[in-house]
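Have a look at the structure below before the remarks.
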Amino acid sequence: MNLKPLFDRVVLKPIVKENKTKSGILIPDTVGDEPLVAEVVAVGTGDDFEGKKQEMSVKVKNKVLYNKYGAMTFKCDNNEEYVILRQSDILGIFEEE
Amino acid sequence: MNLKPLFDRVVLKPIVKENKTKSGILIPDTVGDEPLVAEVVAVGTGDDFEGKKQEMSVKVKNKVLYNKYGAMTFKCDNNEEYVILRQSDILGIFEEE
Amino acid sequence: MNLKPLFDRVVLKPIVKENKTKSGILIPDTVGDEPLVAEVVAVGTGDDFEGKKQEMSVKVKNKVLYNKYGAMTFKCDNNEEYVILRQSDILGIFEEE
Amino acid sequence: MNLKPLFDRVVLKPIVKENKTKSGILIPDTVGDEPLVAEVVAVGTGDDFEGKKQEMSVKVKNKVLYNKYGAMTFKCDNNEEYVILRQSDILGIFEEE
Amino acid sequence: MNLKPLFDRVVLKPIVKENKTKSGILIPDTVGDEPLVAEVVAVGTGDDFEGKKQEMSVKVKNKVLYNKYGAMTFKCDNNEEYVILRQSDILGIFEEE
Amino acid sequence: MNLKPLFDRVVLKPIVKENKTKSGILIPDTVGDEPLVAEVVAVGTGDDFEGKKQEMSVKVKNKVLYNKYGAMTFKCDNNEEYVILRQSDILGIFEEE
Amino acid sequence: MNLKPLFDRVVLKPIVKENKTKSGILIPDTVGDEPLVAEVVAVGTGDDFEGKKQEMSVKVKNKVLYNKYGAMTFKCDNNEEYVILRQSDILGIFEEE
């Protein structure tokens, strides 16, 4: 995935519903308006649109819960689906047990 | 529940209507647009989206009344339902008698 | 009523239409979009969502006129109805004669 | 009228269409979306919702033209109709000749 | 016209379509959404709603082009029609040749 | 064209589709929602509505591409059509080759 | 392409779906609401509408993913299609391998 996100944006790789990550994170059902689970694959610099800088709160490899209404889906590389969104649309990080 | 909420978000465990907490808090009816009751299970750091920090006004174990229109529901762990929302959508804290 | 309102919120006990308070305040008709009358039962700390503090302009026992569109109704204690709203949705205070 | 308006709000007593005030102010027709004429009966302190203070630009007894879309009507005292609105919805003051 | 506009508002007297002012200004057609031409008859103090002061950019007697969507029409004096609007809805001033 | 635009507004003379300017600028097709081409005929002072001043980025005689959704059309002089808009609705300037 | 974009705007040349750039960037499918791929052809100065300056985050020749809802399409030169948008609607830059 060779897209470098701009500003405070983050690229995610959605985790398919039936999967369970190595560390045993349970994937939530994703019917209707529920937020979704994904893995962070790229993180912007944290500059906002007016040129102020803020720290990014997520890192590559984090499993996150995100609000799909702020997210856009695109295909890249071998037709894989990715999601791009502003970090404020990431709701939380799943902690590895 | 292993989700660490980001920014000023809070994870809640809804309290089922028929229940009565140990301390005797009465659960309000939840028809229509009425706010709901839940218990706080995780609290963000209080950073806002622009990088300013504010103190969080709720703590884990607080029983709270919250506005469901700012809240998103997700399932975690053993398929349990949780709610995630910004702390500004928490209306008040029930005080133990 | 054991709910402690957060931020600049206020809990009100609506005054039923046919009543007349001890001090003789006349209760306005409440058809359609008209604001309503209630008594203040709990007052938040005045912190706003960004962590600034402002003084609260109402006190417990004040009779107030409020805008019902910013208000949420909930039931508490012995199934009594209360209203919670931000203080900016309180329009004015009825002065005792 | 014993309502003390909060913040930058103002209570008005609408002037009935057929009337002409003592000083001869002509009452505008009030069909459709046109602004209306009223007399100021109570004025808030000028604090805004964030706690800053601004000077109030109208005084009790001023005859004013106001935008009815920012105004709420309520009944008080002997079932008299009053209007409450923020001072920014008062368009102008009629000067006595 | 005895209305003193508040804040940064301006009172205008619309110029009827068939007229041509003394200085020969051509009156634009006013079909549909097009802005309209009027003469300034009263100007506010330039205080804005938050108490900051700004200079007013128009003067009494200016012929102006204005955006009718920010304007409210009212009748005054001998049933004459006037328009009141914020100065930001005045688009430009016609210069006398 | 004797209209002096206020604030950061600009008056444009639309360039008719079939035309080609002296310098050979090609006029874009203007079907649907596409931006349009025009020549700047008058430029405001750059004061914004709150009294701050900003530099104007266009000059009289510039050929510009503009967003028609922020623009208002009016007729002036010999019934010629002009457009008035805020400079932020001007997208770019065509450079003479 | 002789359009100099104003403020923080950027002109893009959309990359047609079937193409593959020299460096092997795969072009994403562009059905429905998905963001699109384009090459930067001109970059504004970075002044924003209020006169503050911010650094531009993209350069001419960058391959970018952009949000088509903030973009306007226009034709120029030999009837070629271009896109103009604010830099905040550019989601990310494809890195050359």
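The values are calculated or read from the model by the stated rules, or taken from the named source; none is laboratory data. These figures come from a predicted structure and were not determined experimentally. A quick note on method: Cβ atoms are made from the backbone with ideal geometry, for glycine too, and the neighbour counts reach across all protein chains shown. Calculation scope for accessible area: heavy atoms of the full protein, side chains included, ligands and nucleic acids excluded. Shrake-Rupley method; radii C 1.70, N 1.55, O 1.52, S 1.80 Å.
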Q. Within region B:59-78, can you find the residues that are under 29 Å from A:Glu96 (Cβ atoms), surrounded by 15 or more Cβ atoms within 10 Å (Cβ to Cβ) and more than 14 Å from chain A (Cβ to nearest Cβ)?
A. B:Asn62, B:Val64, B:Tyr66
Q: Please determine, by comparing only the residues of region E:34-81 that are closer than 15 Å to E:Val16 by Cα and either part of a loop (DSSP other than H, G, I, E, B) or more than 13 Å from the chain's Cα centre (by Cα) (or both), which one is modelled with the highest pLDDT.
A: E:Glu80
Q: Would you be able to say whether some residue in region D:18-33 is under 23 Å from E:Arg9 (Cα atoms), modelled with pLDDT of 95 or more and open to solvent by less than 10 Å² (accessible area, probe 1.4 Å)?
A: no
Q) Any idea which residue in region B:84-97 is farthest from the other protein chains (Cβ to nearest Cβ), counting only those that are farther than 21 Å from B:Val16 by Cβ and open to solvent by less than 40 Å² (accessible area, probe 1.4 Å)? A) B:Gln87
**Q.** Exclusive hit being facing chain G (nearest Cβ under 9 Å) and surrounded by fewer than 19 Cβ atoms within 10 Å (Cβ to Cβ), set A:Glu55, A:Glu81, A:Glu50
**A.** A:Glu50
